[in-house]
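The values are calculated or read from the model by the stated rules, or taken from the named source; none is laboratory data. Computed from a prediction, not measured in an experiment: that's the story for all the values here. With ideal geometry, Cβ positions are generated from the backbone for all residues, glycine too; neighbour counts draw on all protein chains shown.
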2 protein chains.
Amino acid sequence: MANIRVAIVGYGNLGKSVEKLIGQQPDMELAGIFSRRDTLDTLDPDTPVLPVDDFADNTDRFDVAVLCLGSATDIPTQAPEFIRHANTVDTYDNHRDVPRHRGEMDRVAKDSDTVAIVSTGWDPGMFSLNRTIGQALLPGGGQHTFWGPGLSQGHSDAVRRIAGVHKAVQYTIPSPEALEAARKGEADDLTGKQTHLRRCFVVCDEADRERIENEIRTMPDYFVGYEVEVNFIDEATFDAEHTGMPHGGHVITAGDTGGFTQTIGYTLELERNPDFTGAVALAYARAAHRLREAGQSGAYTVLEVAPYLISPTPLDELIARDV
Amino acid sequence: MANIRVAIVGYGNLGKSVEKLIGQQPDMELAGIFSRRDTLDTLDPDTPVLPVDDFADNTDRFDVAVLCLGSATDIPTQAPEFIRHANTVDTYDNHRDVPRHRGEMDRVAKDSDTVAIVSTGWDPGMFSLNRTIGQALLPGGGQHTFWGPGLSQGHSDAVRRIAGVHKAVQYTIPSPEALEAARKGEADDLTGKQTHLRRCFVVCDEADRERIENEIRTMPDYFVGYEVEVNFIDEATFDAEHTGMPHGGHVITAGDTGGFTQTIGYTLELERNPDFTGAVALAYARAAHRLREAGQSGAYTVLEVAPYLISPTPLDELIARDV
């Protein structure tokens, strides 16, 4: 069987992760990278780098394109154009807008005989899948999603904007007590502010510490109402320990089956967030190609894809090995 | 939309769990119970109880039958007969024989225009799903399944057969060190005997304790080679604390994405094992009915069913709520 030829659109953190991960896939090859930049420092210098404006003219080079673009404006405006010409996978993460995005992609994909899988990654993505399955198995049960321990880009930026802050990161951390309550099915009345704490690591002059800590703790929306921990560290420690992109979290569903508590927990511990997001996108790129090969067209969320379609292993081997 | 009419075949622990759980489903009703016994002490005295031999003559009463039968001989011999007449779901748990069973059910179901979903439950079932997805996302990663803490019927029976044992249970418990190694992706060389310990609670005369403990520890296959813990307790404690059917376990997949460890953990903590097995079977009963309504026929494992099909919530609501 010929390899699945994957194109990457966009070469930020996610695009670089996908480039790296294609090399780990037994049945895929990198067909090229579409970018707005003329030259890229690609892992393999022979990887074709093509102008993103030439996407439509190069669809014979690849089977499916992974759209490694931002969710704020790029995906909603550009994805409906890409799907007109080729199968795509995206990681669109604006939860509230997913129904609209899927609807638009579905309409164009059906007109164009292509397949889009939208909002892959881990949340949305694997967490969505576990939320749906958990509630289907334990109807009426309680369900909670926890994020972290993980780097929050938005909160880190907010701390960095405070005068006098040289470097800063903020990690969102699920409260251990809230996690335990969720597992026991006793977390129904907990709010997001009670279930997460915010841990900051800040590099600044010693004279500024008290003021900066106060500005963090009193920052509305971002920190007020949360349990906040502020740690001041030196720059060498910061550079050694706080430049990664860890993340993860939990989906916990607890239901009562007539006097008995049943708990389903799904946990991700990710040393590098974009690598895992990219891993999920790539697995669903395989599914997009297969669905199209089977004559399908339209847009799918992860909820709509039969799980075996994301695996490189043939179905009969999966049934013998995993079931 | 009319409720899905569910029939139960077999009225042991699993059948009773499914009977109870149908009442928690927003879109299902219990159509009747097929049994070899003439009268059953059903939850609702009005529930029709029918002879299992009359199954084929009563298929107009229900949409899908949950086969709550033993895997040792009942499912392999009887399921191919039931699927000839109606959609079925089973919890066939003889892992090595699943490919053959699915093949036979598929052949008969396709001939009979019915849908079978085979080997639902949690292992096989939800654990199978997580093994397949975990390996698809992290190809080349390490994957380990842990069972417990949970009651092992086979090991409990083995202890009870020892002369002088009045009552006994055996719980299989994942080793905490092995779990931690699996999460870190460092458990590749661990065997089943190193990853689980066996904890026994025994009621017997004090004079027999030393001999019984020795017989347990030296029992081949069941206990030799494992870390074994033997606790002697009085009958009142046994009756108060050790008559439940708890179980659960973990599927842990850890992969390396180029210098970064990514870990996926799926954990079940079940206070009553047959209730959760029944909950999974019922959710897939919904999918079997829907697949048949959509014109499909044949046999499916959980790997082949799009996840939204097991949920009582319509797809557009799921996309808005869970994605």
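Observations on the model:
- The range A:80-96, residues that are surrounded by 24 or more Cβ atoms within 10 Å (Cβ to Cβ) and without any contact (Cβ under 8 Å) to a residue 60 or more places away in the chain: A:92
- Within the range B:282-321, the set of residues being in contact with a helix residue (DSSP H, G or I) (Cβ under 8 Å, 6 or more places away or on another chain), more than 10 Å from chain A (Cβ to nearest Cβ), on the phi < 0 side of the Ramachandran plot and of a type in the set (Gly, Ala, Ser) comprises B:297, B:299.
- So residue A:3, is it surrounded by fewer than 16 Cβ atoms within 10 Å (Cβ to Cβ) and modelled with pLDDT under 95: no
- For the range A:136-164, a residue qualifies if it is within 30 Å of residue A:261 (Cα to Cα) and either in the same structural domain as residue A:209 (by the TED database) or within 15 Å of the chain's Cα centre (by Cα) (or both), and the qualifying residues are A:145, A:146, A:147, A:148, A:149, A:150.
- Restricting the range A:72-95 to residues that are modelled with pLDDT under 95 and under 22 Å from residue B:317 (Cβ atoms), the residue that is nearest to the other protein chains (Cβ to nearest Cβ): A:95
- Subset of the range A:267-301 that is among the hydroxyl-bearing types (Ser, Thr, Tyr) and surrounded by fewer than 23 Cβ atoms within 10 Å (Cβ to Cβ) - its residue that is farthest from residue A:83 (Cα to Cα): A:267
- Qualifying positions in the range B:93-135 - within 15 Å of the chain's Cα centre (by Cα) and hydrophobic (A, V, I, L, M, F, W, C): B:98, B:117, B:118, B:122, B:126, B:127, B:129
- Annotation note: Cβ proximity below 8 Å between a residue of the range B:211-222 that is under 15 Å from residue B:193 (Cα atoms) and a residue that is among the aliphatic types (A, V, I, L, M) and in a loop (DSSP other than H, G, I, E, B) (sequence gap 6+ or interchain) occurs for B:217/B:224; B:218/B:224.
- Filtering the range B:1-30 to residues that are within 16 Å of residue B:85 (Cα to Cα) and not basic (Lys, Arg) leaves B:6, B:7, B:8, B:9.
- Qualifying position, being out of contact with any Phe, Trp or Tyr (no Cβ under 9 Å at 6 or more places or on another chain), closer than 21 Å to residue B:275 by Cα and in the same structural domain as residue B:291 (by the TED database), among B:46, B:97, B:74, B:63: B:74
- Only one entry of B:244, B:255 meets the criterion of being touching a residue at least 60 places away in the same chain (Cβ under 8 Å), surrounded by fewer than 18 Cβ atoms within 10 Å (Cβ to Cβ) and at the interface with another protein chain (Cβ under 9 Å from one of its Cβ atoms), and that entry is B:244.
- Against the numbered list (1) under 23 Å from residue B:261 (Cα atoms); (2) more than 14 Å from every other protein chain (Cβ to nearest Cβ); (3) surrounded by fewer than 11 Cβ atoms within 10 Å (Cβ to Cβ), residue A:53 comes up short only at (1).
- Residue match in the range A:35-45 (condition: buried (at least 23 other Cβ atoms within 10 Å of the Cβ) and either more than 13 Å from chain B (Cβ to nearest Cβ) or in contact (Cβ under 8 Å) with a residue 12 or more places away in the chain (or both)): no
- Matching residues in the range A:198-227 - criterion: being under 13 Å from residue A:168 (Cβ atoms) and of a type in the set (Val, Ile, Thr): A:202, A:203, A:212, A:216
Results for (1) free of Cβ contacts under 8 Å to residues at least 12 places away in the same chain; (2) among the small types (Gly, Ala, Ser); (3) surrounded by 19 or more Cβ atoms within 10 Å (Cβ to Cβ), shown as yes or no for each residue.
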site: A:121; (1), (2), (3): no, yes, yes
site: A:134; (1), (2), (3): no, yes, yes
site: A:141; (1), (2), (3): no, yes, yes
site: A:162; (1), (2), (3): no, no, no
site: A:200; (1), (2), (3): no, no, yes
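- Elements of type strands (runs of 3 or more DSSP E) in the range B:238-323, at least 1 residues being more than 30 Å from residue A:245 (Cβ to Cβ) and among the aliphatic types (A, V, I, L, M): B:261-270, B:298-300
- Sole residue being of a type in the set (Val, Ile, Thr) and in contact with a Pro (Cβ under 8 Å, 6 or more places away or on another chain), chosen from A:49, A:98, A:66, A:118: A:98
- Some residue of the range A:183-205 being among the basic types (Lys, Arg), more than 30 Å from residue A:253 (Cβ to Cβ) and modelled with pLDDT of 95 or more: no
- Members of the range B:223-236 that are in contact (Cβ under 8 Å) with a residue 12 or more places away in the chain and either outside any strand (DSSP E or B) or within 14 Å of chain A (Cβ to nearest Cβ) (or both): B:223, B:225, B:226, B:233, B:234, B:235
- Residues satisfying the stated conditions in the range B:176-198, i.e. under 26 Å from the mean Cα position of the chain (by Cα), surrounded by 18 or more Cβ atoms within 10 Å (Cβ to Cβ) and either part of a loop (DSSP other than H, G, I, E, B) or charged (D, E, K, R) (or both): B:183, B:187, B:198
- The single condition among (1) closer than 24 Å to residue B:9 by Cα; (2) at the interface with chain A (Cβ under 10 Å from one of its Cβ atoms); (3) modelled with pLDDT under 95 that residue B:119 does not meet is (3).
- Of all the residues in the range B:187-198, those that are touching a residue at least 40 places away in the same chain (Cβ under 8 Å) and within 27 Å of residue B:261 (Cα to Cα) number 5.
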